[in-house]
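Structure record follows, encoded as C-alpha cells.
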Amino acid sequence: MLSFEVRKTGGESEVRKVHRDVIHIGASTGNDLVVRARGVLGRHARISVAGEELRLEVLGSAPGSVVTLNGSIVKTAALAAGDRIAIGEATITLLNGPAPNPNRMAAPPPRGRDALSLAAAALAPLAPAPSLSPANAPAAVAAPPAMVPAGRLAAAPVEAPHRAEERSTRDPWPGFFKRLHRPVPFEELLQEVTAYIASVTPVHSLAFVSLLPPNEGEAIAALWKGTLPRLSAGTLAEAREKATPWEVTESGARLRAFPVPRPGGESVGLLLVPAETVFDPTLLDFVAHAAAAVGFVHGERSEAAFGERGASLSPVPFAVPLEDPLALLVGGSLALSNLKASLSRVASARAPILLVGDVGSGKTLVAETLHALSPRRSRPLVRVSATAASPQALEEDLLGAAAAGDRRRRVGRLFEADGGTLLVEEVGDLPGPTQALLFRLLEAREVTAPGGRTVPVDVRVIGTTSRPLTRAVEDGAFRDDLYFRLSALTLRLPSLKDRKEDIPALLDALAARHGGPVAEHFDVEAMNALLNYQYPGNVRELENEVRRLAAQIGPGAITLADLDQKFSGEHVELALKESDDLKEIVEKVERQVIERVMRKVRGNQSLGARLLNISRGSLIAKMKEYDIKDFRYLKRGD
C-alpha cells in the first residue's frame with residue numbers, strides 16, 4: 001500500500017493511502033487521488049506499479065498545468081520514496097515506496113532560450129563516492145564487481161584513471177555539456193557527443209539524421225552496430241509532425257526516434273537509437289533531453305541547415321555566457337559600465353522593462369543578458385516581433401490557435417514563456433488589439449485564451465523600441481495606460497558614437513566571432529578612421545564591416561585603403577535636428593573638420609594647427625572644448 005501526502009495552496013494537507021497497480025490522479029471524483037486545485041485537470045496523471053518499480057506518466061496538458069518532479073518538468077519518470085510531484089497548485093509527496101536509486105541521474109536542465117545557463121552546476125566536479133575500507137569489507141569472500149543491469153544507468157567498475165571520466169555514469173550531464181561547449185565544427189561536435197553517449201550509457205548504437213535539405217535523411221554522425229537502417233520518405237514526413245519521441249520500424253529494425261528541435265522552431269533532425277536500448281524511463285529522459293540540447297546548441301551556433309557540410313571561420317559563441325552574462329556586453333566605457341550597473345540592479349525586479357536605443361545598439365542582446373541575470377533564467381526567453389506579422393497572425397502567435405489540418409493545437413508563445421520572460425521587439429508598432437492584450441497581462445497577469453477561458457500567466461515583459469514612445473502616445477497610436485505600465489523601468493542604451501573607446505575591444509570580440517582582423521592588426525590611419533566615424537548603424541554597422549573584412553582580407557593587416565569608402569571619405573557629414581540653431585550647426589561642422597584634420601596628421605598638433613591656419617594653443621583649446629581625441633592609437637599593454 002502506498003501513502004501520499006497531498007498539500008493544497010493554502011497549506012492544508014492530508015495523507016491518503018492507495019492499494020492499486022494503477023493510481024490515477026486528477027480533479028474528477030473517479031480518480032484514486034482526487035486533487036482539487038487550480039491547474040489540475042480532470043484526469044491529469046497516473047502512477048503505474050510494477051513490482052518494486054513506480055512510474056509517473058502525465059496524461060493531460062494545458063497552459064499552467066505542467067507537472068514537475070522535485071522541481072524539474074517531466075512527462076514520464078521513475079518514482080522513489082520522498083519524491084515531490086507538483087501538479088498545478090497542489091503538491092503530492094510519496095511517503096513510502098522504493099528507495100531512491102543512488103545511481104539515478106540528476107534532473108536535466110529545463111529547456112528553453114537559457115537552458116545551457118544551468119549547466120554550470122552540472123560542470124562542477126562530482127564528489128568522490130565513499131570507498132569501502134579493507135576493515136569494513138567482508139572477510140569471508142571478496143565482493144565481486146557489481147553487475148550493471150541492462151538498460152540501467154549505474155556506476156561502472158573502476159578502470160584506468162584516464163577512462164574514469166568516460167565511464168562514470170552516475171551523472172552523465174557534466175561530460176555531455178563539456179562536449180557541447182567545445183569550439184569545434186558542428187559535425188565534429190556531433191561525433192563527439194555520439195561517442196560519449198555510447199560510452200557512458202547502454203545505448204550502443206545511435207545516429208543523428210538531418211531533416212533539412214540538402215541532407216534530408218542523411219546520417220550526419222553515427223555509431224551503429226551493424227547496418228544503419230535508411231529512413232523511408234513516409235518516416236521523414238512523419239518526423240516533421242512529431243514533437244515527442246516515437247517508435248518506427250525500418251528494414252525490420254525497431255527504432256526510437258527523438259526530435260532535434262531548434263528553439264522556437266520545427267525539428268531539424270532526429271536522434272535514432274534501437275528501441276530495446278531505451279526501455280528504462282531514466283535513460284529515455286536522458287536521450288530525449290540530450291536531443292533537445294543538441295538542437296538548442298545548433299540554433300545558437302549558426303543558421304545553416306542541420307548537418308550542412310563545411311563550417312564558418314569560427315563558431316559563433318553562445319548568446320549568454322554561463323558564469324557572467326554581463327561579459328558579453330563588450331567594453332569598459334563609462335556609458336556601458338553604467339548600463340551594466342543598471343542591469344544588475346533591476347535584474348531581480350518583477351516590473352516590466354522598456355529598453356530604448358538606436359537601431360543596431362544591441363537591445364536584444366541586453367534583453368537576453370537581463371533575462372540571464374534574473375531569477376527567471378531557468379525558464380524560456382520568448383521573442384516576439386511586433387512588425388513580423390499581421391495583427392491577427394500576431395495574436396494567434398501569442399495565444400495559439402488550431403490551424404486547419406493540424407493534428408494538435410498550437411500552443412501560444414505567451415504560454416511557452418510562462419515563468420520566464422517575454423521579449424516584445426519594437427513594442428511601439430503593436431496593433432491596437434495586441435496592445436489591449438499586453439495591458440491586461442501587465443495589469444491582471446492573465447489573458448483570455450482561445451475559447452474564452454481566462455488563463456493566469458506569470459511572465460516578465462521586456463519591450464524594446466528604437467524611438468521614444470511619447471510621440472506615439474501623443475499621436476494616439478500607442479495606449480497611454482500601456483505606456484505608463486511598460487515604462488515603469490526604462491533603460492536607455494548608449495549609441496556607439498558615445499562610447500568609441502570601446503571600438504578596439506569590440507573589434508577583438510567580433511574578430512573572434514567572424515574570423516576577421518583583431519584591433520592590433522589595424523594601422524594607425526585605419527584605426528583613427530574607425531574612431532572618427534559616427535556609426536549611424538551603431539554596433540551592427542561595425543559588425544558588418546568586420547564581416548566584410550573577414551570575407552575579403554581575412555585576419556591580416558588592415559590599412560585605410562582596405563576599409564569601406566564611408567570610413568575614409570573626405571566629405572563632412574551633418575546630422576541635423578529640428579531643434580539645432582545656427583551656433584550648434586557651426587559647432588558640428590567645426591568639430592568634424594578638426595577631427596578630420598587631426599586624423600590625417602595622426603595627432604600632430606603643430607601640423608594640424610598649420611593646416612587649419614590657427615595657433616597651436618587655439619587648436620588645443622578647441623579639442624578640449626569638443627572633447628576630441630588626439631587620434632594616436634596605442635596598442636593595449638604599451
Filtering the range 56-89 down to residues that are basic (Lys, Arg) and either under 13 Å from residue 46 (Cβ atoms) or open to solvent by less than 30 Å² (accessible area, probe 1.4 Å) (or both) yields 75
Within the range 378-396, track down each residue that is of a type in the set (A, V, I, L, M, F, W, C), out of contact with any strand residue (DSSP E or B) (no Cβ under 7 Å at 6 or more places or on another chain) and either within 16 Å of residue 487 (Cα to Cα) or open to solvent by 10 Å² or more (accessible area, probe 1.4 Å) (or both).
388, 389, 393
Within the range 353-377, residues in a loop (DSSP other than H, G, I, E, B) and either open to solvent by 40 Å² or more (accessible area, probe 1.4 Å) or under 15 Å from residue 328 (Cα atoms) (or both) come out as 358, 359, 361, 362, 375, 377
Find the residue count for the range 595-611, including only residues that are in contact with a helix residue (DSSP H, G or I) (Cβ under 6 Å, 6 or more places away or on another chain) and open to solvent by less than 60 Å² (accessible area, probe 1.4 Å).
9
In the range 423-437, what residues are aliphatic (A, V, I, L, M) and closer than 12 Å to residue 386 by Cα?
423, 424, 427, 430
Cβ pairs under 7 Å, 6+ apart, first in the range 559-573 and part of a helix (DSSP H, G or I), second β-branched (Val, Ile, Thr) and at pLDDT 80 or above:
562/553
Matching residues in the range 527-546 (among the hydrophobic types (A, V, I, L, M, F, W, C) and either outside any helix (DSSP H, G or I) or without any contact (Cβ under 8 Å) to a residue 40 or more places away in the chain (or both)) number 2
Can you pull out every residue in the range 18-42 that is within 26 Å of residue 414 (Cβ to Cβ) and in contact with a His (Cβ under 6 Å, 6 or more places away or on another chain)?
26
The lone condition residue 81 fails out of (1) modelled with pLDDT under 80; (2) aliphatic (A, V, I, L, M); (3) over 22 Å from residue 411 (Cβ atoms); (4) in contact with a Pro (Cβ under 8 Å, 6 or more places away or on another chain) is (1)
Name the single residue that is modelled with the lowest pLDDT among those in the range 1-57 being among the polar types (S, T, N, Q) and more than 21 Å from residue 455 (Cβ to Cβ).
13
Those residues of the range 342-352 which are at pLDDT 90 or above and either part of a loop (DSSP other than H, G, I, E, B) or in contact with an Asp or Glu (Cβ under 9 Å, 6 or more places away or on another chain) (or both) amount to 352
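Among the residues of the range 216-237 satisfying the criterion of being outside any loop (DSSP other than H, G, I, E, B) and open to solvent by 60 Å² or more (accessible area, probe 1.4 Å), which is farthest from residue 261 (Cα to Cα)? Please lay out each step first, then the result.
First, the residues of the range 216-237 that are outside any loop (DSSP other than H, G, I, E, B): 219-223, 233-237.
Those still in the list that are open to solvent by 60 Å² or more (accessible area, probe 1.4 Å) too: 223, 233.
Values: 223: 21, 233: 19 Å.
Selected residue: 223.
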Looking at the range 455-480, which of the residues that are acidic (Asp, Glu) and out of contact with any helix residue (DSSP H, G or I) (no Cβ under 6 Å at 6 or more places or on another chain) is nearest to residue 423 (Cα to Cα)?
458
Residues within the range 505-514 that are in contact (Cβ under 8 Å) with a residue 60 or more places away in the chain and either open to solvent by less than 20 Å² (accessible area, probe 1.4 Å) or among the basic types (Lys, Arg) (or both), tallied:
2
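Determine whether the range 287-308 contains at least one residue that is touching a Gly at 6+ places or on another chain (Cβ under 9 Å), modelled with pLDDT under 90 and under 30 Å from residue 469 (Cα atoms).
Step one: filter the range 287-308 for residues touching a Gly at 6+ places or on another chain (Cβ under 9 Å), giving 291, 294-296, 298-299, 304, 306-307.
Then keep just the ones that are modelled with pLDDT under 90; that gives 291, 294-296, 298-299, 304, 306-307.
Imposing the further condition that a residue be under 30 Å from residue 469 (Cα atoms) reduces the set to none.
Looking through the range 287-308, none of the residues is touching a Gly at 6+ places or on another chain (Cβ under 9 Å), modelled with pLDDT under 90 and under 30 Å from residue 469 (Cα atoms).
Give the residue that is modelled with the lowest pLDDT, with candidates limited to residues of the range 320-341 that are within 25 Å of residue 536 (Cβ to Cβ) and open to solvent by less than 40 Å² (accessible area, probe 1.4 Å). Please lay out each step first, then the result.
To start, the set of residues in the range 320-341 that are within 25 Å of residue 536 (Cβ to Cβ) comprises 328-340.
Cutting the leftovers down to open to solvent by less than 40 Å² (accessible area, probe 1.4 Å) gives us 328-331, 333, 335-336, 339.
Values: 328: 80, 329: 89, 330: 89, 331: 89, 333: 89, 335: 89, 336: 91, 339: 92.
Ranking the candidates gives 328 first.
When you scan the range 517-531, how many residues do you find that are open to solvent by less than 20 Å² (accessible area, probe 1.4 Å) and under 11 Å from residue 503 (Cα atoms)?
Of the residues in the range 517-531, the ones open to solvent by less than 20 Å² (accessible area, probe 1.4 Å) are 517, 519, 522, 526-530.
This time we only want the ones that are under 11 Å from residue 503 (Cα atoms), so: 519, 527-528, 530.
Matching residues across the range 517-531 total 4.
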Residue count, the range 238-264 (criterion: without any contact (Cβ under 8 Å) to a residue 12 or more places away in the chain and part of a helix (DSSP H, G or I))
1
Which ones in the range 422-472 are open to solvent by 40 Å² or more (accessible area, probe 1.4 Å), touching a residue at least 60 places away in the same chain (Cβ under 8 Å) and more than 19 Å from residue 367 (Cβ to Cβ)?
456
Please report, ordered by residue number, the helices (runs of 4 or more DSSP H) entirely within the range 418-499 with at least 2 residues that are touching a Ser or Thr at 6+ places or on another chain (Cβ under 7 Å) and under 19 Å from residue 396 (Cβ atoms).
none
Filter the range 72-98 down to the residues that are outside any strand (DSSP E or B) and in contact with a Lys or Arg (Cβ under 8 Å, 6 or more places away or on another chain) and list them by number.
80, 88, 89
Which count do you get for residues in the range 222-261 that are touching a helix residue (DSSP H, G or I) at 6+ places or on another chain (Cβ under 7 Å), farther than 30 Å from residue 411 by Cα and not hydrophobic (A, V, I, L, M, F, W, C)?
2
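Got at least one residue in the range 486-494 being without any contact (Cβ under 8 Å) to a residue 60 or more places away in the chain and either of a type outside the set (Asp, Glu) or surrounded by fewer than 15 Cβ atoms within 10 Å (Cβ to Cβ) (or both)? Step through it out loud before you land on a result.
At the first step, the residues of the range 486-494 found to be without any contact (Cβ under 8 Å) to a residue 60 or more places away in the chain are none.
No, every residue in the range 486-494 fails to be without any contact (Cβ under 8 Å) to a residue 60 or more places away in the chain and either of a type outside the set (Asp, Glu) or surrounded by fewer than 15 Cβ atoms within 10 Å (Cβ to Cβ) (or both).
The values are calculated or read from the model by the stated rules, or taken from the named source; none is laboratory data. Every value quoted in this text rests on a predicted model; they were computed, and no experiment measured them. Note that we place each Cβ from the backbone using ideal geometry, even for glycine, and neighbour counts take in every protein chain shown. We work out accessible area using only protein heavy atoms, side chains counted, and drop any ligands, DNA or RNA first. Shrake-Rupley method; radii C 1.70, N 1.55, O 1.52, S 1.80 Å.
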